[in-house]
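Taking it in order: structure first as structure tokens, then the write-up.
Values quoted throughout were computed directly from the atomic coordinates according to the rules given, and no laboratory measurement underlies them. The shown structure was predicted, so the numbers you read here are calculated from the model rather than taken from an experiment. FYI the Cβ positions are ideal-geometry reconstructions off the backbone, even for glycines, and counts take in every protein chain you see.
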């Protein structure tokens with residue numbers, strides 16, 4: 001029951017996303033962040049079918065935003081109708097600390113690739129302007145949200161937070177909740193995996209061989225289209241989806 | 001190139017028509033792709049919707065429907081749709097629905113237009129909607145003219161060569177070591193003018209001066225009592241006769257016969273590439289159907305004839321391998337089949353004595369049409385002179401029919417399951433009776449009866465009084481075209497067996513959307529196509545029996561637009577050659593040849609062509625319904 005209490009408290013404590021955006025647009029000093037927040041948000045009752053989206057994926061040196069860093073960023077703009085990989089962007093960035101061997105195994109980006117890459121601070125403005133005006137879709141928000149916030153905080157001393165749609169959280173709604181799942185757990189039946197590749201399989205989506213931020217962003221966009229087609233309609237309001 | 005574009009590119013580059021694109025064009029396509037997802041059961045393209053992009057199926061499956069809701073096609077991974085509407089710049093004609101969860105790659109119209117403008121093969125593919133039937137058939141006919149068996153096919157090893165300064169003994173040792181009966185003589189040279197001058201692989205120049213054979217060693221050394229140390233150069237030998245590797249086998253044979261030689265060096269331009277032996281040619285020609293026919297007539301027993309079965313099959317496989325057309329193969333195999341039958345009748349007559357009344361051994365089905373393949377049933381009958389009296393004469397003809405039919409069975413032509421054989425009393429009758437049969441079939445066409453008897457409407461004489469069968473052919477040609485009722489009944493029968501829609505993954509896709517694991521290409525393609533052609537041929541009073549000949553006469557009579565008969569002819573050729581190729585493959589794999597084909601054994605190009613051939617047949621069947629309507633319906 002903790003989750004419910006936590007959620008209720010959070011709701012009381014925090015303003016709506018629209019209020020937060022308005023306040024940040026005022027308060028932020030950095031021009032890029034000011035512009036990002038000033039672009040505003042679609043109203044929470046807007047149907048998802050009308051909203052321009054962008055799928056975002058990071059490769060990082062680990063799971064902890066305080067200790068680890070972003071090494072690559074991929075994003076692909078899309079909407080419920082069509083995904084446009086060619087309009088997407090991809091950056092490799094140089095983390096503040098040198099790469100360790102185990103981190104290379106984690107994200108598959110090599111020393112030579114990051115050696116000549118720019119530090120993240122120099123491309124943040126570009127990233128923010130690509131995200132502005134679009135609702136961000138990620139698979140597992142606990143990477144992209146804290147890592148981007150940490151990177152912006154380190155570079156500009158201000159927060160960068162925004163609502164996003166998490167395809168993994170959506171997948172958990174069907175695969176991890178409900179009484180049947182509870183009974184299954186009781187009998188020790190492993191719940192279905194909600195990792196990106198496994199979730200895609202359930203929707204008949206193809207397997208992609210490469211592990212790459214932009215491929216994963218594209219894969220996330222496809223997964224979201226499939227989830228919408230199967231479980232929702234284009235009329236579903238944003239408030240049912242974003243977090 | 002970025003990783004996600006590479007993912008897209010890798011996939012599309014494996015499927016036609018993209019598999020033929022240059023790397024630059026592929027990059028352009030992959031870089032322009034947009035992606036969209038459709039849940040199973042949802043509509044992808046609605047009739048009259050606008051078309052902005054070519055759709056490529058990355059995963060899943062879709063169905064395309066006709067206006068009337070009938071299934072038009074089922075497509076899977078790697079297939080495309082929307083190309084025709086894009087080309088014509090018109091809205092969606094055939095609606096499309098996802099039958100599985102489907103991920104599409106959309107190739108925007110400007111990129112599609114550029115592909116059509118810059119890549120001719122791509123343009124052809126989308127323009128013909130994947131159809132290459134006509135060009136495939138024409139190409140294989142061209143190839144066939146070109147290969148007409150070059151002599152180089154008979155070369156199995158490089159020539160053995162020796163300098164002519166060596167001794168006879170050295171040459172003999174070399175020949176023994178290599179187990180050859182001849183050796184070519186060379187001397188170093190720099191005489192560029194000589195047409196015997198050539199450069200070896202190491203760049204050294206040689207002059208080809210002659211050839212020494214086993215026979216030379218016997219005649220000029222041993223018989224003449226010459227020393228084993230005699231230099232090769234000092235043996236007089238005849239002027240060297242050679243042949244170019246691109247000449248035909250028959251030309252090589254003629255050259256050898258003309259010059260009375262057993263061994264003939266083969267040159268590629270000036271370089272020796274091998275030596276052919278007359279025995280190589282004889283062995284090769286043994287598989288030739290002409291040789292086979294003469295061999296048939298030299299056999300003196302059914303057993304002897306039955307032993308030729310492997311050779312019949314070998315000559316069939318050889319014709320297929322050489323890329324002959326189905327018409328050539330059908331003609332050759334039919335002449336083998338007829339010869340076998342004639343020989344069997346001759347043997348039976350020799351056994352039973354001369355026939356008491358004149359008669360004609362008649363064939364139906366593929367032998368009558370001259371399009372016999374391998375593994376076909378026998379269909380035959382006997383037309384007797386009207387002086388025939390059953391009590392006095394039938395013992396003889398029953399015995400004759402039995403011997404021939406048993407003989408055919410022994411030689412690999414199984415008994416006809418439908419009983420269309422001269423052993424059946426019904427089909428061993430005097431000419432007058434046969435005429436009555438045909439008059440009745442034509443005047444009172446009972447569809448059920450016709451289904452059974454339409455086999456008789458392909459007929460030809462094999463042995464005996466050919467005029468009996470000609471009289472029947474004349475009767476059919478004049479009466480059939482004057483009987484709309486008969487033609488309508490025959491047409492209705494011709495609709496009984498329909499082709500499938502095409503293929504989907506590893507299945508045969510039926511018109512109603514069901515799947516099958518294999519297709520009987522004879523029953524579902526060739527036979528119904530012959531049925532359609534027969535109706536038109538009888539409708540124009542043609543006496544021709546062969547499908548292609550009939551189509552020619554149908555065109556001349558103007559019964560079908562010229563383009564239509566061309567299409568039927570391409571379809572007939574393609575279906576027939578695919579069947580023959582698969583049968584040849586079965587024989588080579590030591591399996592019994594049959595008519596069932598599994599889709600996984602059909603190449604991508606064959607699939608497209610087969611689908612089109614089936615479509616041609618299906619359209620022709622629909623036209624038949626309209627052209628020869630049943631009276632009162």
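Over the protein assembly as shown, the ratio between the Cα radius of gyration and 2.2 N^0.38 Å evaluates to 1.35. Relative to one another, the C-alpha centroids of segment B:565-633 and segment B:369-397 are positioned 30 Å apart.
Tell me what chain B gives for mean residue ellipticity at 222 nm when only DSSP H runs of n ≥ 4 count, each as -39,500 (n - 2.57), the sum divided by the residue total, rounded to 500 deg cm²/dmol.
-14500 deg cm²/dmol
Averaged over its residues, how many other protein chain Cβ atoms are within 10 Å of peptide A:201-207's Cβ atoms?
5
Among the residues of B:32-44, the average count of other protein chain beta-carbon atoms within 10 Å of the residue beta-carbon is 5.
One chain, two ends: residue B:471 and residue B:113. Fully extended at 0.36 nm per residue, the span grows by 122.8 nm beyond their Cα-Cα distance.
For the pair residue B:158 and residue B:346, a Förster radius of 51 Å applied to the C-beta separation gives a FRET efficiency near 0.60, rounded to the nearest 0.05. Listed from fewest to most Cβ neighbours within 10 Å, the set B:423, B:201, B:506, B:325 follows the order B:201, B:506, B:325, B:423. Evaluated at q = 0.23 Å⁻¹, the base-10 log of the normalised Debye intensity for segment B:1-47, with identical point scatterers placed on the Cα atoms, takes the values -0.81. Each distinct pair of alpha carbons in segment B:151-284 adds a 1/r term; the inverse of their mean, the Kirkwood radius, is 15.3 Å.
Packing, as the average of other Cβ atoms within 10 Å across residues, places the peptides A:219-231, B:36-48 in the order A:219-231, B:36-48, highest first.
Counting, for every residue in B:98-105, the Cβ atoms of other protein chains within 10 Å of its Cβ and taking the mean gives 3.
Can you give the Rg to Rh ratio of segment B:491-627, both from alpha-carbon atoms, with Rh computed by the Kirkwood formula?
On the way: Rg = 15.2 Å, Rh = 15.4 Å.
Here Rg/Rh amounts to 0.99.
Overall size of chain B from C-alpha positions, given as principal axis extents largest first: 96, 91, 39 Å.
From the largest down, segment B:3-130 spans 41, 29, 21 angstrom on the principal axes of its Cα atoms.
Summary value for chain B: 10 percent relative contact order, contacts being C-alpha pairs under 8 angstrom separated by 6+ residues. Here, segment B:194-271 is characterised by an Rg to Rh ratio of 1.02, where Rg is the alpha-carbon radius of gyration and Rh the Kirkwood radius.
Taking other C-beta atoms within 10 angstrom as a stand-in for reagent exposure, B:177, B:346 fall in the order B:177, B:346, fewest first.
Determine, for B:297, B:18, the number of other Cβ atoms within 10 Å of each Cβ, and report the residues in order from fewest to most.
B:297, B:18
With no solvent and one equal point scatterer per Cα, compute the Debye intensity ratio I(q)/I(0) for segment B:287-480 at 0.09, 0.10 Å⁻¹ and report its log10, rounded to two decimals. Log-scaled intensity ratios, in q order: -0.33, -0.41. When both segment B:500-529 and segment B:53-92 are represented by their alpha-carbon centers, they are found 20 Å apart. Extension gain for the segment residue B:440 to residue B:42, taken as residue separation times 0.36 nm less the Cα-Cα distance, is 137.7 nm to one decimal.
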